[in-house]
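Asker: Quick one: this structure, given as structure tokens, is what I'll be asking you about.
The values are calculated or read from the model by the stated rules, or taken from the named source; none is laboratory data. Treat the numbers as computed from the prediction; the structure is a model and nothing was measured. For neighbour counting, all protein chains shown are included, and Cβ atoms are generated from backbone atoms with ideal geometry for every residue, glycine included. Just so you know, the surface numbers come from the protein's heavy atoms only, side chains and all, with ligands and any DNA or RNA stripped out. Shrake-Rupley method; radii C 1.70, N 1.55, O 1.52, S 1.80 Å.
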Amino acid sequence: MTDLTFKGGYGEHGRSCFLIAVKDYYIILDCGIMDTDPNPYPDINREILEKVKYMFVSHHHEDHIGAFEHFVDNGFCGKLVISQVAYILADINYNNTIFLDTNSTNLNLCEDIEVQYGRSGHCVGSLWFNIKLENKSYFYSGDFQAYTHAYICDVPENVVANVAIIDAAHKDLDVAENRSKQFIDTVQMHLDNEEKVVLPVQPYGRGIEILLDILKNLSSYKIAVDKRFLKAILKNLEYQQYFKQDSYRIVEKFLDTNPLYDDNTFDILLIGDSHLVKQSTQTILENVKDKFIVVATGKVAKNEMIDKLKKKDCLVKCSYTHHQSFKDIENWVNNNEFGIIVPFHNDLKQLIV
Ligand SMILES: [Zn+2]
Ligand SMILES: [Zn+2]
């Protein structure tokens, strides 16, 4: 694969960036950063960046677009190809942009590049791409989840690609459906134990999936959200084209119940602060008078609040991933014709041939 170089995201979680050499120019797939690394950027020099004709960006999360301005400062002046929603949420400003619209699934980018694309089920604005060059095709899933509660995933079928770079963030975990059941069982167990359940969530992405899962399975409980997450829910709903219709209506109905947290009457509280670092989160947690448990569903960085909760035995982990496990991939990948599969977004360095 001399024409494909891994610049990030392969053998590591984050910094997703893949470079494809095409004749006298280059294509980049994503330009993420690794926010825990003192040097967070993918290593691509000016000489190459100046020759990048197209940069495809799968979605607005930092580990996929965080290096965009750095690349522009260092010579990138090609075309950015992205969904309009991801562009807005990433808060970037770049004139040379081609927007991919969900009303279509194909784009003739230029004489020798045809692009097939679809929604990847990961968050609003997230897309997968199949980039067909003259002699070779590259499939790129971006962050991907086929089993979803909230977002539509256009699961690829009959896609032909020589190389398929596929989100495989979880090596050992079960399929997403079972992970979702385990999560609901965990929350239910704590509620049965007369504990209030607090869920710190990522407001754009996993948070909406968790909310929908709870609304569908634990609707008899009083569910509340903090201000930050409420704001994100409203923002998410602006992009209806990425939502499953029934889920969209469920969220709308939920908003009619006036779910903003204002006192201690909740059973389940979702907070839009996945790392528990905001002052407002601390204030809320200090004011919960009854017995409560914080269920962390993703990675949490070490901090004072986490330590305090651990000491009081008020924190449990139950992963609610919004990436694929290797088992998830098996469910759909064989409906396509992929040559070499590159499982990325994990610390393995593996190719499936
Ligand atoms: Zn993501
Ligand atoms: Zn990612």
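Asker: Just one of Ile48, Ile82, Ile28 is more than 27 Å from Ala232 (Cβ to Cβ) and open to solvent by less than 10 Å² (accessible area, probe 1.4 Å); which is it?
Answerer: None of the others qualify; the one that does is Ile28.
Asker: What residue, among those in segment 13-33 that are in a loop (DSSP other than H, G, I, E, B) and within 16 Å of ligand 1 (Cβ to nearest atom), is nearest to Val72 (Cα to Cα)?
Answerer: Cys31
Asker: How about segment 253-353: which strands (runs of 3 or more DSSP E) wholly inside it have at least 3 residues that are within 16 Å of ligand 2 (Cβ to nearest atom)?
Answerer: Those strands (runs of 3 or more DSSP E) span 337-344.
Asker: Considering only segment 120-132, state which residues are open to solvent by 10 Å² or more (accessible area, probe 1.4 Å) and away from ligand 2 (no atom under 16 Å from the Cβ).
Answerer: Across segment 120-132, the qualifying residue is only Lys132.
Asker: Let me ask you something else. Please name all residue pairs, on different chains or six or more residues apart, with Cβ atoms under 6 Å, provided the first residue is in segment 250-268 and is acidic (Asp, Glu) and the second residue is assigned to a loop (DSSP other than H, G, I, E, B) and open to solvent by 80 Å² or more (accessible area, probe 1.4 Å).
Answerer: Asp267/Lys222
Asker: Anything in segment 205-225 that is more than 16 Å from ligand 1 (Cβ to nearest atom), open to solvent by less than 10 Å² (accessible area, probe 1.4 Å) and touching a Ser or Thr at 6+ places or on another chain (Cβ under 7 Å)? List them, or say none.
Answerer: Selection gives Leu212, Asp213.
Asker: Still on this structure, please answer the following. What tally of residues in segment 168-204 results from selecting those that are out of contact with any Phe, Trp or Tyr (no Cβ under 8 Å at 6 or more places or on another chain), open to solvent by less than 30 Å² (accessible area, probe 1.4 Å) and closer than 23 Å to Trp128 by Cα?
Answerer: 1
Asker: Criterion first (surrounded by fewer than 20 Cβ atoms within 10 Å (Cβ to Cβ), within 16 Å of ligand 1 (Cβ to nearest atom) and touching a residue at least 12 places away in the same chain (Cβ under 8 Å)) does Thr36 satisfy it?
Answerer: Yes, satisfied.
Asker: Condition (residue is of a type in the set (D, E, K, R), open to solvent by less than 80 Å² (accessible area, probe 1.4 Å), in contact (Cβ under 8 Å) with a residue 40 or more places away in the chain and assigned by TED's automatic domain parsing to the domain that holds Gly142) applied to segment 319-333: is it met by at least one residue?
Answerer: Step one: list which residues in segment 319-333 are of a type in the set (D, E, K, R), which gives 327-328, 330.
Going one step further and asking which of them are open to solvent by less than 80 Å² (accessible area, probe 1.4 Å), we end up with 328.
Okay, now just the ones that are also in contact (Cβ under 8 Å) with a residue 40 or more places away in the chain, so 328.
From the residues that got through so far, the ones that are assigned by TED's automatic domain parsing to the domain that holds Gly142 too are 328.
Yes, some residue in segment 319-333 is of a type in the set (D, E, K, R), open to solvent by less than 80 Å² (accessible area, probe 1.4 Å), in contact (Cβ under 8 Å) with a residue 40 or more places away in the chain and assigned by TED's automatic domain parsing to the domain that holds Gly142.
Asker: Considering only segment 218-240, state which residues are within 21 Å of Cys153 (Cα to Cα) and not in a loop (DSSP other than H, G, I, E, B).
Answerer: Those that are within 21 Å of Cys153 (Cα to Cα) and not in a loop (DSSP other than H, G, I, E, B): Ala232, Ile233, Leu234, Lys235, Asn236, Leu237, Gln240.
Asker: Continuing with the same structure: Would you call Phe71 within 16 Å of ligand 1 (Cβ to nearest atom) and either open to solvent by less than 10 Å² (accessible area, probe 1.4 Å) or closer than 24 Å to Asn236 by Cα (or both)? It would help to see each step written out before you state the result.
Answerer: Values: within 16 Å of ligand 1 (Cβ to nearest atom): no; either open to solvent by less than 10 Å² (accessible area, probe 1.4 Å) or closer than 24 Å to Asn236 by Cα (or both): yes.
In short, no.
Asker: Residues Phe144, Phe183: which one is more than 16 Å from ligand 1 (Cβ to nearest atom) and aromatic (Phe, Trp, Tyr)?
Answerer: From the options Phe144, Phe183, the qualifying one is Phe183.
Asker: Applying the selection to segment 8-39, what residues are closer than 12 Å to His64 by Cα and of a type outside the set (A, V, I, L, M, F, W, C)?
Answerer: Those that are closer than 12 Å to His64 by Cα and of a type outside the set (A, V, I, L, M, F, W, C): Gly8, Gly9, His13, Gly14, Arg15, Ser16, Asp30, Gly32, Asp35.
Asker: Further, regarding this structure: Could you list, in sequence order, the residues of segment 341-353 that are closer than 16 Å to Gly11 by Cβ and of a type outside the set (Asp, Glu)?
Answerer: Ile341, Val342, Pro343, Phe344, His345, Asn346, Leu348, Lys349, Gln350, Leu351, Ile352, listed by residue number.
Asker: Just name the residue that is farthest from ligand 2 (Cβ to nearest atom) out of those in segment 57-78 that are small (Gly, Ala, Ser) and over 16 Å from Asp37 (Cα atoms).
Answerer: Gly75
Asker: Scan (1) small (Gly, Ala, Ser); (2) touching a helix residue (DSSP H, G or I) at 6+ places or on another chain (Cβ under 9 Å); (3) more than 16 Å from ligand 2 (Cβ to nearest atom); (4) not in a strand (DSSP E or B) for the single condition Gly207 breaks and write down its number.
Answerer: (3)
Asker: Criterion first (modelled with pLDDT of 90 or more and either basic (Lys, Arg) or under 18 Å from the mean Cα position of the chain (by Cα) (or both)) does Gly272 satisfy it?
Answerer: Values: modelled with pLDDT of 90 or more: yes; either basic (Lys, Arg) or under 18 Å from the mean Cα position of the chain (by Cα) (or both): yes.
For Gly272, the condition - modelled with pLDDT of 90 or more and either basic (Lys, Arg) or under 18 Å from the mean Cα position of the chain (by Cα) (or both) - is met.
Asker: Another question, if that's okay. Can you tell me which residue among Asn95, Asn135 is out of contact with any strand residue (DSSP E or B) (no Cβ under 6 Å at 6 or more places or on another chain), within 25 Å of Ile340 (Cβ to Cβ), open to solvent by 40 Å² or more (accessible area, probe 1.4 Å) and not small (Gly, Ala, Ser)?
Answerer: Asn135
Asker: Restricting attention to segment 139-164, report how many residues are within 16 Å of ligand 2 (Cβ to nearest atom), within 14 Å of Gln116 (Cβ to Cβ) and open to solvent by 10 Å² or more (accessible area, probe 1.4 Å).
Answerer: Total satisfying the criteria: 0.
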